[in-house]
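Structure, as C-alpha cells:
The values are calculated or read from the model by the stated rules, or taken from the named source; none is laboratory data. Owing to the predicted nature of the structure, the values given are computational and were not obtained by experimental measurement. Note that each Cβ is placed from the backbone with ideal geometry, even for glycine, and that neighbours are counted across all protein chains shown.
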Amino acid sequence: MNLSVLMVGREFPPHIVGGVAEHTYHLVKHLLYKGVNVNVLAFGDPRNSNDVVEFVEPKSSIISRRSMGLGYDSKIPLDIVRITRIVRERLRSNDYDILHIQEPYIGGLMTYSNRKITTIHDTSYGELKGIARYGFSDHNIKRTLFYVSMGYPMEFFNIINSKFIIVPSIGIAKELLSIYHAPRKKLKVIYNGVEKPGPNEPSRDEARSKLSLGDNEVLIFTSAQHIARKRLDLLIYAARKLRDRGLKNFKILIGGKGPLTPELVRLRNKLGLNKLVSFTGWLNREELIIYYNAIDIFVVTSDYEAGPITLLEAGIRRKPIVSSRIDGFPALMEDGVHGLLFKPGDPNNLANRLEQLIKDRDLRDRLAAGAYSFASNFTWDKAADKTIRVYMECLQH
C-alpha cells in the first residue's frame, strides 16, 4: 500500500511499555503488515533506534516513572518544543501522507496542513476526576497542575489542528463532545485490540512454578500504573473485607509501579495484609504474560479508562474478569456473562464479587469462557483496517 505515515508518541517499546506505547506498538506492527510505510518518533534511548523507530533522548522527566526532581520536571516544555522541531524537520525532508499523533500532551504544537490525525486515549478532565475522588496528596497536586497548565491546552490545540480525532471508546468521544466541544464530524471511534496468546506461553502450572507460587491459592491479579484513577486502593480494602469474612485461600498480586506505590504499600501494611497482598513491581512484557497465565482472576479497579488493554489480554487467556462498571470495554461487557461488574469506588461491592469467584470454581470456568468470547471480538487487525480507512478519508477531503 502506497501510504506513508509518521507516528509520534511520548514513549514506545522497547524503552518503556505503558498503555499508549503498547497501543502504538501493536497498531504500527499491523499497519506494517498491511503495507503501510510507518516511521515512529518517540522519546527514548537513541541507541535503540532502527529502520522503523527513531528515539529522541529526553532532557527532562517526560518519560520517567520515578521522581527526578523539580529541575527535570521544569524541562518538560523544552522537550516538547524539541520533539516538535524534529517532527517539522522530518515532515520537510520526507513526503509523508499522514502525521499521526499518539500522545496529545506532546503533539499540540505539531501541524501538518490538513493531514494530521490525533489519537486521544484519555483526557485531562478524566484524570482530574480520578484525582478528585482519590484525594489530593503531594503527587496528585503536582499532576493536577500538569493537567491544568499543559494537559488541557495541548488537548484543545490537537482538537483544533487535527483533521480527525481517533478515540478508543464511546465514553472518551462523549467527553470530547460535552467537555471539550470537539466537532462531532472529527471524531472516529476505533477500539483497541489484543494479540492471541503465543504457542510457547506457559501453562497455569508452569507459570506458577516460574513465579514460585503455590497451587492451592486462588490468585487474584491486576496490573496498572499506580496513579489515582486506577483506584488500586480498592483492591487492598477488598482484601481486608475478605479476610474479615474468614476467607483464607486467596492471594492478591498487584503489578505495575507509579507515584502512588509507596502510599499503597503503606496502606497494605497498615491493614496487616502483608501475607495476602503482594506487589510485583513493574513487569516487562514477558513477565506480564507469565502472570496472566498463572492467575485465576483478573481485576480492573479503575474509576476511569479508555480501554483497558489488560482486560482483553487477560480475557483472551481465558481468565475470569472482575471490573468496575465504567466506560470503555467494561461498558460493553454483559454482567454475569463476560465478567462480573462492581460499582466504581465501592470496595464492599468488589469484595462481594471476588468472594463469589473465590468460592465457585464453576462460575470461574463459565466467566473464563465468557471473557475469551468477549476479548476475541477485538483485534489489532481490525483496528489497523479502521485506522487505514481514516487515513484514506483524511486524504480524500
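Go through (1) touching a residue at least 24 places away in the same chain (Cβ under 8 Å); (2) surrounded by fewer than 20 Cβ atoms within 10 Å (Cβ to Cβ); (3) among the basic types (K, R) one by one and return the number of the condition R266 breaks.
Only one criterion in (1) touching a residue at least 24 places away in the same chain (Cβ under 8 Å); (2) surrounded by fewer than 20 Cβ atoms within 10 Å (Cβ to Cβ); (3) among the basic types (K, R) is unmet by R266, namely (1).
Within the range 310-319, can one find any residue that is in contact with a Phe, Trp or Tyr (Cβ under 7 Å, 6 or more places away or on another chain) and under 25 Å from D244 (Cα atoms)?
No, the range 310-319 contains no residue that is in contact with a Phe, Trp or Tyr (Cβ under 7 Å, 6 or more places away or on another chain) and under 25 Å from D244 (Cα atoms).
Matching residues to (1) outside the structural domain of P347 (by TED's automatic domain parsing); (2) of a type outside the set (K, R); (3) free of Cβ contacts under 8 Å to residues at least 12 places away in the same chain:
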{"position": "D233", "(1), (2), (3)": "no, yes, no"}
{"position": "I236", "(1), (2), (3)": "no, yes, no"}
{"position": "R243", "(1), (2), (3)": "no, no, no"}
{"position": "G246", "(1), (2), (3)": "no, yes, yes"}
{"position": "K251", "(1), (2), (3)": "no, no, no"}
{"position": "L260", "(1), (2), (3)": "no, yes, no"}
{"position": "L271", "(1), (2), (3)": "no, yes, no"}
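If Y105 passes every condition in (1) of a type outside the set (G, A, S); (2) in contact with a strand residue (DSSP E or B) (Cβ under 8 Å, 6 or more places away or on another chain); (3) touching a residue at least 12 places away in the same chain (Cβ under 8 Å) but one, which one does it miss?
Tallying (1) of a type outside the set (G, A, S); (2) in contact with a strand residue (DSSP E or B) (Cβ under 8 Å, 6 or more places away or on another chain); (3) touching a residue at least 12 places away in the same chain (Cβ under 8 Å), Y105 fails exactly one: (2).
Within the range 218-271, can you find the residues that are of a type in the set (A, V, I, L, M, F, W, C), assigned to a loop (DSSP other than H, G, I, E, B) and closer than 15 Å to I295 by Cβ? Step through it out loud before you land on a result.
First, pick out the residues of the range 218-271 that are of a type in the set (A, V, I, L, M, F, W, C): 218-221, 224, 227-228, 232, 234-236, 238-239, 242, 247, 250, 252-254, 260, 264-265, 267, 271.
Applying the additional criterion that residues be assigned to a loop (DSSP other than H, G, I, E, B) yields 224, 227, 232, 247, 260, 271.
A224, the sole residue that qualifies.
Does D79 qualify as being touching a Pro at 6+ places or on another chain (Cβ under 7 Å) and not small (G, A, S)?
Numbers: touching a Pro at 6+ places or on another chain (Cβ under 7 Å): yes; not small (G, A, S): yes.
Judged against the criteria, D79 is a match.
Quick check on the range 188-196. Is at least one of its residues of a type in the set (S, T, Y) and free of Cβ contacts under 8 Å to residues at least 24 places away in the same chain?
no
With the requirement that a residue be modelled with pLDDT of 90 or more, surrounded by fewer than 20 Cβ atoms within 10 Å (Cβ to Cβ) and not hydrophobic (A, V, I, L, M, F, W, C), what does the range 213-232 give you?
E217
For S64, only one of the following conditions fails: (1) within 24 Å of E305 (Cα to Cα); (2) of a type in the set (S, T, Y); (3) touching a Lys or Arg at 6+ places or on another chain (Cβ under 9 Å); (4) not in a helix (DSSP H, G or I). What is its number?
With respect to (1) within 24 Å of E305 (Cα to Cα); (2) of a type in the set (S, T, Y); (3) touching a Lys or Arg at 6+ places or on another chain (Cβ under 9 Å); (4) not in a helix (DSSP H, G or I), S64 is out only on (3).
Please go through the range 37-59 and give me each residue that is in a loop (DSSP other than H, G, I, E, B) and either of a type in the set (D, E) or buried (at least 21 other Cβ atoms within 10 Å of the Cβ) (or both), ordered by number.
Listed by number, the residues that qualify are G44, D45, D51, E57, P58.
Using beta carbons and a limit of 6 Å, which pairs, at least six apart or on different chains, have the first residue in the range 41-58 and farther than 12 Å from D79 by Cβ and the second one among the small types (G, A, S) and surrounded by fewer than 20 Cβ atoms within 10 Å (Cβ to Cβ)?
What qualifies is F55/S49.
If you go through the range 283-291 one residue at a time, do you hit one that is outside any helix (DSSP H, G or I) and surrounded by 12 or more Cβ atoms within 10 Å (Cβ to Cβ)?
Within the range 283-291, one or more residues are outside any helix (DSSP H, G or I) and surrounded by 12 or more Cβ atoms within 10 Å (Cβ to Cβ).
Hey, which of the helices (runs of 4 or more DSSP H) in the range 88-153, taking only ones fully inside, have at least 1 residues that are on the phi < 0 side of the Ramachandran plot and surrounded by fewer than 18 Cβ atoms within 10 Å (Cβ to Cβ)?
Where helices (runs of 4 or more DSSP H) fall fully within the range 88-153 and carry at least 1 residues being on the phi < 0 side of the Ramachandran plot and surrounded by fewer than 18 Cβ atoms within 10 Å (Cβ to Cβ), they are 124-134, 138-146.
Table: residues versus (1) closer than 22 Å to Y96 by Cα; (2) touching a Cys at 6+ places or on another chain (Cβ under 9 Å); (3) modelled with pLDDT of 95 or more.
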residue: G19; (1), (2), (3): no, no, no
residue: Y25; (1), (2), (3): yes, no, no
residue: H30; (1), (2), (3): yes, no, yes
residue: G35; (1), (2), (3): yes, no, yes
residue: N39; (1), (2), (3): yes, no, yes
residue: G44; (1), (2), (3): no, no, no
residue: E54; (1), (2), (3): yes, no, yes
residue: P58; (1), (2), (3): no, no, no
residue: S61; (1), (2), (3): no, no, no
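If a residue has to be more than 15 Å from the chain's Cα centre (by Cα) and touching a residue at least 24 places away in the same chain (Cβ under 8 Å) to count, how many in the range 109-129 make the cut? Can you show your working first?
Residues of the range 109-129 that are more than 15 Å from the chain's Cα centre (by Cα), as a first pass: 109-118, 125, 128-129.
Narrowing further to those that are touching a residue at least 24 places away in the same chain (Cβ under 8 Å): 109-111, 114-118, 125, 129.
Of the residues in the range 109-129, 10 are more than 15 Å from the chain's Cα centre (by Cα) and touching a residue at least 24 places away in the same chain (Cβ under 8 Å).
Tell me, which residue of the range 322-373 that is crowded, with 21+ Cβ neighbours inside 10 Å and of a type in the set (F, W, Y) is farthest from the chain's Cα centre (by Cα)?
F342
Scan the range 310-329 for residues that are out of contact with any Gly (no Cβ under 6 Å at 6 or more places or on another chain) and of a type in the set (V, I, T) and jot them down.
T310, I316, V322, I326
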